[in-house]
Structure formats: structure tokens, C-alpha cells
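Q: Got a structure here, written out as C-alpha cells. Questions coming.
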Amino acid sequence: MDVTITPSRVRGTASAPPSKSYTHRAILAAGYATGARVYDALDSADTRATARAVEAFGGEVTREEAYLTVAGFGGHPETPDDVIDCANSGTTMRLTTGAAALVDGLAVLTGDDSLRSRPQGPLLGALDELGARAESTRGNGQAPLVVGEGITGTDVAIPGDVSSQYITALLMAGAVTSEGLDIELTTELKSAPYVDITLEVLADFGVEAERTAEGFHVPGGQRYDPEDGEYRVPGDFSSISYLLAMGALASEDSLTVTGAQPSAQGDSAIVDVLDRMGADIEWDRDAGEIQIANSELSGVEVDVGDTPDLLPTIATLGAAAEGTTTITNCEHVRYKETDRVSAMASELGKMGIDVEEAQDTLTVHGGDLRGATVEGYDDHRIIMSLAVAGLVADGETTIEGAEHVDVSFPDFFEVCYELGATVSRE
């Protein structure tokens, strides 16, 4: 599907979709439990992939109107009857690879072309160190993966600068092993707030885990058991970033975003980034509401070491701001659904913006955006960021492959339309 955005103003109130990161973890945590209700779960292509994986391990996930009912596998995932298709969801593959290591037999995990190009080697190496069988069928550290035969070890070393999801996978699986795990980080931990999310979800499910001087420790023999058998998913700050960017750049006067309760999400840093750029923004944390007015923005320097998903949004804000925006510490952002550093450099360039790309830095010189036909790279975050740029570009902007917003914000374009944006689909 191609979507064309015509320059337009937005107004009113928008609700944040539920957090994709929390939903993934909550569905899998409920799978590790005997069962739970997960309220306000995001229904997207990625989170449905995690639900399918839970069912492959012997659980059952049923969607009701207001919640998911998850019948779990009680800490003992079964050997799947078939291949687990993680589709385009890297979070699903990495988190459920940890669960797959616990099965008595072997599980096979695969996904689409994009997912089969993403690095899984450090996690496979860690699981192998812990006594499980963990292999890439092509011997290149990428899916398809063959994993299983149980975790017997207790100590493991793993780099922290490739994906924090490796740490999450080990923490979630380690809690139900007999002895638990001590995880040593051999490098600096990137995207650390995502591990904070994991620790928060584990605590809400009654599971202990903690940071140590070397990395993390999770005791074994634990049960996943949320209070009253329920868990509620907060709003998603990664998705909120696009709404706030719309408010700062294209609102008629101001825009209000609801569902923005404080949580461990590192992407709430978008509020600070916008404030530093000069946006007129107020966050009522108690009410979970953010109000942002149309603002003249100035370029800033932003380190996205802990907030990689914000890079496309910040690049778009920088393109429309006065001066230069420098995004640093972003090499790990190249290993997402696509190389998001190169993708934003390329597509903003098509829209008339001068962008300089280095391995670990993206420099965006603000200027006059012009409409163009741009590529979505099958990447929800690239698509939504370019849609925001299209709202303030001179002329029409057509985004190719825009259906991939289904990964995290399925009704994104409906929300844009309801806020007043001129959107057409082909």
C-alpha cells in the first residue's frame, strides 16, 4: 500500500497506542505463568507473532474485547509441533529463543527476509555456553535458528552493545531454570531502558531479578504469578513520539496526547528532546497527558544509545528545525528492521534535506522539506517518521509500502486523518 500525505494541519486529542515493548514481554511472561489476563495489549503484527510463539510452546492466547486471556505453559515450554514463524518481529525471535532453549527437544525459529538478516549470534553463543543447543542453520548467526535441549549452566557472558533483547531473553528464561543465571556483560549495555522495562514486567509478575556489578542476576525456581492474575500495558512512547512531532511541526494550535503515564520506557526522552529543541510542551504525569503546541524548533545534539527507536523521529524533527541536529551513538540503530541510519539519510535527502551519515552519527541540516516519493523500507518507524515530514513538506509526499505501520501502530493513518491530516491510500 502506498500512502500520499498532503501538507495539512492537525488538531485535537490523540490516544497513545499500547506499548509494543511491554505487550511482548507481558504476553510471554503470561506464557511462562500458568496464565493471566493482559489488559490493553497492543494488537499488531509483531505482538501477534509473540502470541503464536506462546501457543507453539503449549500455551493458548485468546483475544477478548478488553484483554488477552493467556493460558500459560507454567514455566515448562513444550517442544513445538511446527516451525515458529516470528514474521518481522525481532523482539519475538530473541525473547522466545530464550524460551526455546528450555524445551526437551528442539524448536526451529524463522521469519521474513528482514528478520533472517538480523544478528542473533551473541544470544546463540550465550545459550550454547549455558548447555543448550543453539545453532544458526546457515552458520552465520542469523535465522533460521535451531534451539533446545535445556539450559544446564548458571554463568554466562554476553556483549551488551548489540541488542538488549538478548539480556531480556536470558532473564525471562533464567527465572524458571533450577539454579538461575548470572549474566556478565562484556561490553557497555546499549538500549538499557529496555532491560529496565523487562525488570519492571518481571517484578509485576512476581519474579525477582537484579543488576549486579558485572551485569544481572536472576534466581532460579521462580513462578510467574501477577497480582490478581492481571497485568495492564502502558501507552507506547515510541509511538507517542510521532504524535508529539506532529504537534510540534503541524498542529493548528496545539495537540493533546493521552495515555502517556510515566514508566520505564526510555523513549519518554522524546519529551526532553522536544523541550531542548524549543517546543512548547507540557507533560501532566499524573494525568498521563502531554500538550504540545506548534513551535519553532532549533537543532540539538542527541545521544540515542539508550533510545534507538527515536532516531527516525528525531531526524524528521531536525529536518524541519533551524540549524543542525546531530544524532550520536547510533551504530546499533543500523541493525533494526532496516538500517535506519542510512534509510533516514536517503529518504530525507530525497525530500531536499542535507544529511551527513557516519557509522555512528547522523547529522541533519534543517531546511525546506519538499514532497517526494519515498521508500518505507518495510519499516514501521521509517514510514511514520516520513509521514510526519510529509505534513510540512512543500507538495505531496508518497510513502511506498506504508502498510507496515501494522507492526506497532496499526491505525496510525486513521489517527492522522481524524486529527485533520490529508491522507490518501492506493
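The values are calculated or read from the model by the stated rules, or taken from the named source; none is laboratory data. Remember, predicted model here, so these are calculated numbers, not experimental data. Neighbour counts run over all protein chains shown; Cβ positions are idealised from the backbone, glycine included.
Q: Would you mention how many residues in the range 6-36 are in contact with a Leu (Cβ under 6 Å, 6 or more places away or on another chain) and of a type in the set (A, V, I, L, M, F, W, C)?
A: Number satisfying all stated conditions: 3.
Q: Considering only the range 336-361, state which residues are crowded, with 22+ Cβ neighbours inside 10 Å and of a type in the set (G, A, S).
A: Within the range 336-361, A343 is the sole residue that qualifies.
Q: Of the residues that make up the range 258-277, is at least one of a type in the set (K, R), surrounded by fewer than 16 Cβ atoms within 10 Å (Cβ to Cβ) and within 28 Å of Y22 (Cα to Cα)?
A: The answer is yes; a qualifying residue exists.
Q: Are there any pairs, at least 6 apart or on different chains, whose C-beta atoms fall under 6 Å, with the first in the range 133-159 and under 26 Å from T212 (Cα atoms) and the second among the polar types (S, T, N, Q), and if so, which?
A: As it stands, the answer is I151/T177; A157/T186; P159/T186; P159/T187, since those pairs meet every condition given.
Q: Among the residues of the range 52-88, how many are at pLDDT 95 or above and under 16 Å from the mean Cα position of the chain (by Cα)?
A: 2
Q: Where in the range 228-337 are there helices (runs of 4 or more DSSP H), lying wholly inside it, with at least 1 residues that are over 29 Å from T422 (Cα atoms) and charged (D, E, K, R)? If you could, list the steps in order and put the result at the bottom.
A: Values: elements: 237-250, 269-276, 311-320.
Ranges flagged: 269-276.
Q: Find all pairs meeting these conditions: Cβ atoms under 9 angstrom apart; at least six residues apart or on different chains; first residue within the range 33-47 and in contact (Cβ under 8 Å) with a residue 24 or more places away in the chain and surrounded by fewer than 24 Cβ atoms within 10 Å (Cβ to Cβ); second residue small (G, A, S) and part of a strand (DSSP E or B).
A: Qualifying pairs under 9 Å: T34/A71; G35/A71; D40/G235.
Q: In the range 299-322, is there at least one residue being without any contact (Cβ under 8 Å) to a residue 12 or more places away in the chain, charged (D, E, K, R) and outside the structural domain of S164 (by TED's automatic domain parsing)? I'd like the intermediate steps shown before the answer.
A: Here is the first cut: in the range 299-322, the residues without any contact (Cβ under 8 Å) to a residue 12 or more places away in the chain are none.
The answer is no, given that none of the residues of the range 299-322 is without any contact (Cβ under 8 Å) to a residue 12 or more places away in the chain, charged (D, E, K, R) and outside the structural domain of S164 (by TED's automatic domain parsing).
Q: Please tell me if V374 is in a strand (DSSP E or B) and buried (at least 19 other Cβ atoms within 10 Å of the Cβ).
A: Yes.
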